[in-house]
Amino acid sequence: MPLTIQSLAVYPIALNYVEPLKTSFGDNALKAAVVVQLCTAEGVCGWGEASVELSPGYGSETVGTAIHVIRNFIEPLLIGKTFADPPAVAKAMRSIRGHQHTRAGVEAAAWDAFAQFNNLSLAHYFATFLPEGHTPRATAPVGVSIGMQPTAEATLAIIRKRVKEGYNRIKLKITPGWDVELARAVRAEFPEILLMLDANSAYTLADAEHLKQLDAFNLLMVEQPLGHDDIYQHSKLQPQLKTRICLDESIKSTDDLHLALEIGAIRILNLKPARVGGFTESLSIYRVCAEHQLPLWIGGMLETGIGRAANLALASLPAVTLPCDISATDRYYVEDITEPPFRLNADSTITVPTGPGIGVAVQLDRIEKATAAWEAMHAYV
Ligand code: OSB
Ligand code: MG
């Protein structure tokens, strides 16, 4: 059944983190994003999160660019138009180049609305767009991402806490000068834990000899060591390492993934729906991973409950074979904008909501509070 899009409401938000995530590209002191509510003539409304950030550090988008692009370019393409399904909404936005996080946020709201309209959880609705056999699981495997700390001891203290909470996969952010010795210190105390490092593009091919030292630490993978838009040089680095390279930043489409596979630049994929422009492209990439048996996990942008619930639905699909960057609510926020909070199960999984659509209750009063906090900052718009 088609739906006619009637309105798009945009809420810029600011939320405080429980624990910020310092990376090689910077340190956002607080969570910024644009929450989107899409309402239809049929009376069903869906929620999506454009996981843009305070500054263009990971991707090129910000809160200001998201609002600009939605108001001036996406609304004219969607408002008053009728769509057969969410991929048709994605297709209508394809005339807009770039702005993946923004398009992903709007598309996510359409996915939520269509899934609700079909009375299916988002996970089960996704499965209707996949070949038979891709039945969602009740839970998704997850880990936790830890930012750069002033000392290795401070990092170890956080790892101890996270391991006690039940996370069985730890991801540490690295940068030149904060890598080999950190891994050595962690392995000395945690010889067995699933451990991976994320460089967020901090190295160049000239660092290959240095990066080879990481092979000593039985890492699950090293994420995006080289340029944020590079694929070619990763294909030159991978044969020099035993550690598998996972690409994040530089895979923005199914075509990018085909190229990376063809030239041997990738052994694992971190798939972020925001980075690739939404769930339609994510499902296309998911299928390529399944066909090539490329190990796959779902990454995160420290999303609020709106973005996280949708990512979790994708993470429940069976070709997602590695723990995802989708942690419990208390890793991110004291008070999230959805209820109930996501909790970690004893087996380092999170239970996927079963209600229609994203399956969590959006707290409009808290969104309005977070929008007031954003506006009080008078920042960057
Ligand atoms: O590189 O994966 C990344 C957050 C913002 C920007 C880039 C990255 C991240 C994360 C988030 O690692 C992990 C999470 O959402 O739990
Ligand atoms: Mg990453």
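Which pairs turn up if I take residues in the range 26-38 that are of a type in the set (S, T, N, Q) and look for partners that are within 16 Å of ligand 2 (Cβ to nearest atom) and part of a strand (DSSP E or B) with beta carbon separation below 9 Å, at least 6 apart in sequence or on another chain?
Asn28/Glu53
Would you please list the contacts, defined by Cβ atoms under 6 Å and residues six or more apart or on different chains, that run from a residue in the range 209-220 that is loosely packed, with under 15 Cβ neighbours inside 10 Å to a residue that is in a loop (DSSP other than H, G, I, E, B) and of a type in the set (Ser, Thr, Tyr)?
That search, which allows pairs on different chains as well, returns Asp215/Thr243.
Regarding Ile231, is this residue under 21 Å from the mean Cα position of the chain (by Cα) and of a type in the set (Val, Ile, Thr)?
Details: under 21 Å from the mean Cα position of the chain (by Cα): yes; of a type in the set (Val, Ile, Thr): yes.
When the stated conditions are applied, Ile231 passes them.
When residues of the range 234-261 are filtered for being more than 14 Å from ligand 1 (Cβ to nearest atom), part of a loop (DSSP other than H, G, I, E, B) and either under 19 Å from the mean Cα position of the chain (by Cα) or at pLDDT below 95 (or both), how many remain?
Residues in the range 234-261 being more than 14 Å from ligand 1 (Cβ to nearest atom), part of a loop (DSSP other than H, G, I, E, B) and either under 19 Å from the mean Cα position of the chain (by Cα) or at pLDDT below 95 (or both): 1 in total.
If the Cβ limit is 8 Å and pairs must be 6+ apart or interchain, which residue in the range 283-308 that is closer than 28 Å to Ala14 by Cβ and at pLDDT 95 or above pairs with which residue that is basic (Lys, Arg) and within 16 Å of ligand 1 (Cβ to nearest atom)?
Between residues of the range 283-308 that are closer than 28 Å to Ala14 by Cβ and at pLDDT 95 or above and residues that are basic (Lys, Arg) and within 16 Å of ligand 1 (Cβ to nearest atom), the close pairs are Ile298/Lys272; Gly299/Lys272; Gly299/Arg275; Gly300/Lys272; Gly300/Arg308; Met301/Lys272; Leu302/Lys31; Thr304/Lys31.
Among (1) over 14 Å from Leu317 (Cα atoms); (2) within 16 Å of ligand 2 (Cβ to nearest atom), there is one condition Ile298 misses while meeting the rest; what is its number?
(1)
Only one of Gly48, Gly26, Gly105, Gly59 is within 16 Å of ligand 2 (Cβ to nearest atom) and surrounded by 20 or more Cβ atoms within 10 Å (Cβ to Cβ). Can you tell me which?
The unique qualifying residue is Gly59.
Does the range 251-268 contain any residue that is within 16 Å of ligand 2 (Cβ to nearest atom), surrounded by fewer than 23 Cβ atoms within 10 Å (Cβ to Cβ), closer than 14 Å to His101 by Cα and touching a residue at least 12 places away in the same chain (Cβ under 8 Å)?
yes
Restricting to the range 69-85, what's the tally of residues that are over 24 Å from the mean Cα position of the chain (by Cα) and aliphatic (A, V, I, L, M)?
Going through the range 69-85 one residue at a time, the tally reaches 4.
When only residues in the range 287-337 that are under 25 Å from Tyr17 (Cβ atoms) and away from ligand 1 (no atom under 15 Å from the Cβ) count, which is surrounded by the most Cβ atoms within 10 Å (Cβ to Cβ)? Full working, then the answer.
First, pick out the residues of the range 287-337 that are under 25 Å from Tyr17 (Cβ atoms): 297-315, 322-337.
Of the ones still in play, those that are also away from ligand 1 (no atom under 15 Å from the Cβ) are 313, 334-335, 337.
Values: Ala313: 29, Val334: 10, Glu335: 13, Ile337: 26.
Among those residues, the one meeting the criterion is Ala313.
Taking the range 319-360 as the search range and keeping residues that are in contact with a Cys (Cβ under 9 Å, 6 or more places away or on another chain) and over 11 Å from Val142 (Cβ atoms), which one is nearest to ligand 2 (Cβ to nearest atom)?
Thr321
Give the residues of the range 190-203 that are more than 14 Å from ligand 2 (Cβ to nearest atom) and of a type outside the set (Phe, Trp, Tyr), sorted by residue number. Before you say what the answer is, go through the steps one by one.
Within the range 190-203, the first condition is being more than 14 Å from ligand 2 (Cβ to nearest atom), and the residues that meet it are 190-195.
Answer for the range 190-203, where residues must be more than 14 Å from ligand 2 (Cβ to nearest atom) and of a type outside the set (Phe, Trp, Tyr): Pro191, Glu192, Ile193, Leu194, Leu195.
Go through Asn28, Asn72 for me and flag whichever is modelled with pLDDT under 95, of a type outside the set (Phe, Trp, Tyr) and out of contact with any Lys or Arg (no Cβ under 8 Å at 6 or more places or on another chain). Break it down into steps so the answer makes sense when it comes.
Details: Asn72 fails: modelled with pLDDT under 95.
Result: Asn28 is the single residue among Asn28, Asn72 that is modelled with pLDDT under 95, of a type outside the set (Phe, Trp, Tyr) and out of contact with any Lys or Arg (no Cβ under 8 Å at 6 or more places or on another chain).
For Ser145, which of the numbered conditions (1) farther than 21 Å from Pro323 by Cβ; (2) under 25 Å from the mean Cα position of the chain (by Cα); (3) surrounded by 22 or more Cβ atoms within 10 Å (Cβ to Cβ) fails to hold?
Going through the list (1) farther than 21 Å from Pro323 by Cβ; (2) under 25 Å from the mean Cα position of the chain (by Cα); (3) surrounded by 22 or more Cβ atoms within 10 Å (Cβ to Cβ), Ser145 breaks only (1).
For the range 204-250, what are the residues that are acidic (Asp, Glu) and away from ligand 2 (no atom under 16 Å from the Cβ)?
In the first step, residues of the range 204-250 are kept if they are acidic (Asp, Glu); the result is 207, 209, 215, 223, 229-230, 248-249.
Within the range 204-250, Asp207, Glu209, Asp215 meet the criteria.
The values are calculated or read from the model by the stated rules, or taken from the named source; none is laboratory data. Predicted model, so just to flag it, every value in this text is computed and none were measured. Using ideal geometry, Cβ is built from the backbone for each residue, glycine included, and neighbour counts are taken over all protein chains shown.
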